[in-house]
Amino acid sequence: MTQRVVVIGAGVIGITTALELQRRGHSVLVLDRIGVAAEASAGNAGAFAFPEVEPLATPGIMRKAPKWLLDPLGPLSIPPAYALRIAPWMYRFWRASRPDRYGELLGAQARLTDLSRQALGRLVASVNGEGLLQRDGQMQLYEGEAEFRASLPTWDLRRKHGIEFELLESPVDIAKKQPGLSSRFTHAGFTPNWLNTVDPKSWVEHLAEVFLNRGGQIQRREIRAMSPVENGIRIVCADETLGAAKVVVAAGAWSHQIAQTLGDRIPLETERGYNTTLPKGAFDLRMHLTFSGHGFVASKINGGVRIGGAVELGGLSLPPNFKRADVLLKKAAEFLPGLKTDGGTQWMGFRPSLPDSIPVIGPSPKSPQVVYAFGHGHLGLTQSAGTAEMVGALVDRQSPPISVSPYAATRF
Ligand SMILES: Cc1cc2nc3c(=O)[nH]c(=O)nc-3n(C[C@H](O)[C@H](O)[C@H](O)COP(=O)(O)OP(=O)(O)OC[C@H]3O[C@@H](n4cnc5c(N)ncnc54)[C@H](O)[C@@H]3O)c2cc1C
């Protein structure tokens, strides 16, 4: 049945979902307080990281975390002003890393990622999006035998999930795929079926343009609250009140604030990430590189190089600390001798993160006319197309392509 569906949030999750709802015949209005690809979806590393099946909360991670936290500019940090606020989330994160729960979460992440890989193929064909993709693969780099050996269980997991890869055990083999790396990297794993966008912002803008050309609407409005009414949902915006038969909440790291107005309490936090984008000619980067032990990556963006990563558990309102981006760039210059570090643009983005590393996809427990689609953490771009297909089915009260129970908002 055709009905008016409002999608809150014009990031990669909201816009991809809006396109899918439109494909299913709905009249779709997207609302965003800033505009298309304004937040995390604008400046991320641009990877469709389909080989990343492992949730962040791995068994043993809590043993490593204190060491990382010792360095205030290290890969993981908690600003003192936010330490108490984040404690309940950290406790849930720890619970998610226990071996029994980890196994379930691994399955949930792998199924959503696999669905998303297939769904992206369908999406790319329907929006003529191939020109915005780079199919160069990814190389994960290790310093020395010990670090490489420690990574082998993760490669075994990928093998079990049917992910193609090649392990490289000498700097010479590494250099054949990516010349110009520091010789400290002695081992690597190469995943050919890893895709990147030319630019994540352009990707979402392209999807938004297709959506508009097919009759969709995007309006700039800030949503303050929602409430159920007869036959639908009342949406209170900063400037006026709207109505919709169904609402999808895809407001990234701010989604829990909107959900709370319906009475749903969801432990969404943000993992703030940093990067610097260098112009064309900065380095001859042949593929996406992951510096495993240092929590950052180098990706090709619009012919330039984006160096970024890090996790700062600092909430939505503390000002950015761009020293983090400086530190990553300095390390990148050591790892990629010859990297031209001038002329870069720094950025900080809010990953929307749930403590068990998988998103909320499913109806609001308080109001079934509202469907949640948020909390994709490090993998929002990667999991966007699969999320959209699941939400489409949920809005139409059909069975989604994979079971939604692991992603339910009621799991907390
Ligand atoms: C440094 C970094 C690197 C990353 N690299 C990758 C990567 O390579 N691959 C990958 O898959 N993922 C990556 N991610 C994660 C990815 O960026 C996010 O998971 C994804 O962008 C989340 O998309 P979203 O649409 O849920 O949220 P967002 O893109 O944040 O969009 C949410 C939208 O909701 C709007 N909004 C919020 N509140 C309201 C309101 N009250 N009213 C109206 N509008 C509202 C905002 O304006 C915003 O436009 C990275 C993230 C970071 C920070």
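The values are calculated or read from the model by the stated rules, or taken from the named source; none is laboratory data. Remember, predicted model here, so these are calculated numbers, not experimental data. Positions of Cβ are backbone-derived with ideal geometry, glycine not excepted, and every protein chain shown enters the neighbour counts. To get the accessible areas, we keep the full protein, side chains included, count just its heavy atoms, and leave off ligands, DNA and RNA. Shrake-Rupley method; radii C 1.70, N 1.55, O 1.52, S 1.80 Å.
For region 197-237, the alpha-carbon coordinates run over 43, 21, 15 Å along the three principal axes, in decreasing order. Both the radius of gyration and Dmax for region 82-165 are 17.7, 47 Å, in that order, over alpha-carbon atoms.
Set the Cα radius of gyration of region 336-397 against 2.2 N^0.38 Å, with N its number of residues, and you get 1.64.
State in Å² the accessible area per residue of the chain; use a 1.4 Å probe, count heavy atoms of protein chains only, and round to the nearest integer.
Values: 17010 Å² over 412 residues.
With all protein chains present, the chain gives 41 Å² per residue.
For region 277-412, the percent of C-alpha pairs falling in each 10 Å distance bin, counted from 0 to the bin holding the largest distance, reads 11, 32, 25, 20, 10, 1.
Counting only other residues whose beta carbon sits under 9 Å from that of Gly11, what net charge do I get with K and R as +1, D and E as -1? Please list the in-between numbers first.
Numbers: positive: none; negative: Asp32, Glu39.
Local charge sum for Gly11: -2.
With a 1.4 Å probe and every protein chain kept in, tell me what percent of the accessible surface of region 233-351 is carbon plus sulfur.
On the way: 2260 of 4430 Å².
Carbon with sulfur: 51 percent of the solvent-accessible area.
Placing dummy labels 7 Å off each Cα toward the beta-carbon, the span from Phe412 to Glu230 is 3.4 nm.
Using 0.36 nm per residue, how much length does the chain from Asn302 to Glu240 gain when fully extended, once their Cα-Cα distance is taken away? Please report the intermediate quantities before stating the final value.
Working: separation 62, 0.36 × 62 = 22.32 nm, distance 3.88 nm.
In short, 18.4 nm is gained.
Using the alpha-carbon positions of region 155-246, Rg (one decimal) and Dmax (whole number) come out as 24.2, 67 Å. For region 1-118, with all protein chains in place and a probe radius of 1.4 Å, 59% of the accessible heavy-atom surface sits on carbon or sulfur.
Give me the mean projected area, in nm² to one decimal, of the convex hull enclosing the Cα positions of region 262-304. Each step should come with its number before you reach the end.
Working: hull surface 21.3 nm².
Average projection, Cα convex hull of region 262-304: 5.3 nm².
Give the lysines whose C-alpha is closer than 24 Å to that of Lys176, dropping any in the same chain fewer than 8 places away, or say none. Qualifying lysines at Cα under 24 Å: Lys280, Lys300, Lys331, Lys340.
Computed over neighbours whose Cβ is under 13 Å from that of Gly375, the net charge equals -1, Lys and Arg +1, Asp and Glu -1. Taking every Cα-Cα distance in region 222-324 and sorting them into 5 Å bins starting at zero, the pair-distance distribution P(r) comes out as 2, 10, 15, 14, 11, 11, 10, 10, 9, 5, 1, 0 percent. The listed residues Lys177, Lys340, Lys160 rank as Lys160, Lys340, Lys177 when sorted by accessible area, largest first, using a 1.4 Å probe. Normalised by 2.2 N^0.38 Å, where N is the number of residues, the C-alpha radius of gyration of region 47-120 stands at 1.31.
Sorted largest first, the principal axis extents computed over the alpha-carbon atoms of region 24-154 equal 49, 39, 31 Å. In a solvent-free Debye calculation with one equal scatterer on each Cα, what is log10 I(q)/I(0) for region 286-364 at q = 0.11, 0.25, 0.26, 0.27 Å⁻¹, listed in the order of the q values? The Cα Debye sum returns log10 ratios of -0.37, -1.32, -1.39, -1.44.
Once the mean of 1/r is taken over each pair of separate Cα atoms and inverted, region 99-215 shows a Kirkwood hydrodynamic radius of 16.8 Å.
Please work out the ratio of the alpha-carbon Rg of the chain to 2.2 N^0.38 Å and round it to two decimals.
Working: Rg = 20.7 Å, N = 412, 2.2 N^0.38 = 21.7 Å.
Compared with the compact-globule rule of thumb, the chain sits at 0.95.
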